[in-house]
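Engineer: A single structure is presented below for examination.
Only the coordinates and a few stated rules stand behind these numbers; no lab work does. Everything numeric in this text was worked out from a predicted model, so none of it was measured. Cβ: placed from backbone, ideal geometry, glycine included. Neighbour counts: every protein chain shown.
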Amino acid sequence: MDAPLSSVPSPEEFSTCIATGVQRERCAALASAGIEIDLWVDHEYQRRYAKASTRLATTLRCVNALYQSTGMIFRVRKQRSFDPAERRHDLRALLRWLRHSRSRSTPDHVLAIAISAWDQRMVYSKAGREVGLAQGASAVVPAWPRVENDCVILAHELGHLVGAIHVRAANRADLRWIMAPSSGVFYLPDKRPIERVLGLFRFHPRNAECLFAHRNATFSANRGTRLSAECAAYQREVDTCWKE
Ligand SMILES: [Zn+2]
């Protein structure tokens, strides 16, 4: 590998640097069975959306489509409804509750995700600020008025759990990183909003390679993330090419 870059590289510089590495093929040779999720869904979500299960399935299909190029796939292992009560609009309290709740029923390597159905006014007043929280192997997200928002926010928070990091938004208005630091409310007035999301949003090349390296990782609520030796070696190449 060439000398590490001294400043934050552009996506193109990163892609050129990583292309010179040799570890990717060894990591690629390992199969990936997918990453399991236990899903807690606010009972208000079921009441609010007439086709709640279709909407959830659409969200997950959209998330997996955003991850497709990384080789990572998410599968729901268990789904249950819950009443967040006074924690509905309080992501920190909800995350504390989720981390506590998962300990009784969710194996260490399974990701725990809770979706709470916020009042629409709350969603708008929070726009541009913290709209999801992720820690350890757990994350909480609010449901947004439109399913395409749910898709991007969930993809972003899952990204935090599985090896992606924040990257600055690109200059080009038509290109949006999934791991940009903040996401505002956005509308994509389109008959096919999910296709629009898939056309607009993507992972920065650095994150796409990290996710590739993490696609058969094991996650632990308390002991962090573990990669196979082959994929850990590739992750080190990624880190060498992306110095901040
Ligand atoms: Zn974030």
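Engineer: For GLY71, which sequence-distant residues (separation of 5 or more, or a different chain) have an amide H within less than 5 Å of its own amide H, given hydrogens modelled in the peptide plane?
Structural biologist: Amide H to amide H, under 5 Å and 5 or more residues apart or across chains, GLY71 pairs with nothing.
Engineer: Would you kindly calculate the translational diffusion coefficient of the stretch 21-89, applying Stokes-Einstein with the Kirkwood radius from alpha carbon pairs, for 10 °C and a viscosity of 1.306 mPa s, and quote it in µm² s⁻¹ without decimals?
Structural biologist: Values: Rh = 14.5 Å.
Roughly 110 µm²/s, to the nearest whole number.
Engineer: OK, next. In the chain, what cysteines have no partner Cβ closer than 4.7 Å?
Structural biologist: CYS210, each lacking another Cys Cβ under 4.7 Å.
Engineer: Classify the stretch 43-135 from the C-alpha gyration tensor, please: rounded if a/c falls under 1.5, else prolate or oblate depending on whether a/b exceeds b/c.
Structural biologist: Details: a/c = 1.40, a/b = 1.15, b/c = 1.21.
In terms of gyration-tensor shape, rounded.
Engineer: Among all the aspartates and glutamates, which ones have a C-alpha under 20 Å from LYS191's C-alpha, if same-chain residues fewer than 8 places away are not counted?
Structural biologist: GLU148, ASP150, ASP174
Engineer: If you don't mind, another one. Of LYS78, LYS51, how do they rank once you tally other Cβ atoms within 10 Å and put the fewest first?
Structural biologist: Working: LYS78 13, LYS51 9.
Arranged by neighbour count, lowest to highest, LYS78, LYS51 become LYS51, LYS78.
Engineer: Additional query: Lys and Arg at +1, Asp and Glu at -1: add these up for the other residues within a Cβ distance under 11 Å of ALA85 and post the number. The partial results should precede the final answer.
Structural biologist: Working: positive: ARG87, ARG88; negative: ASP42, GLU44, ASP83, GLU86, ASP90.
Value of the local net charge: -3.
Engineer: Output the antiparallel fraction of DSSP beta bridges having both residues in the chain, as a percent to the nearest 5.
Structural biologist: Percent antiparallel among DSSP bridges in the chain is about 20.
Engineer: Rounding to the nearest 10 and keeping the result within 0 to 90°, find how far the Cα-based axis of helix 91-105 lies from the longest principal axis of the chain.
Structural biologist: Once rounded, the angle reads 80 degrees.
Engineer: Over all distinct Cα pairs, what is the inverse of the mean 1/r for the chain, reported as the Kirkwood hydrodynamic radius in Å?
Structural biologist: By the Kirkwood definition, the hydrodynamic radius is 18.6 Å.
Engineer: What is the Cα convex hull volume of the stretch 186-244 when expressed per residue in Å³? Intermediate values should be presented prior to the final figure.
Structural biologist: Values: hull volume 8.7 nm³, N = 59.
So the per-residue hull volume is 147 Å³.
Engineer: What order do you get for 208-216, 146-154 when each peptide is scored by the mean count of other beta carbon atoms within 10 Å, highest first?
Structural biologist: On the way: 208-216: 24.0, 146-154: 22.4.
Per-residue mean Cβ counts within 10 Å order the peptides as 208-216, 146-154.
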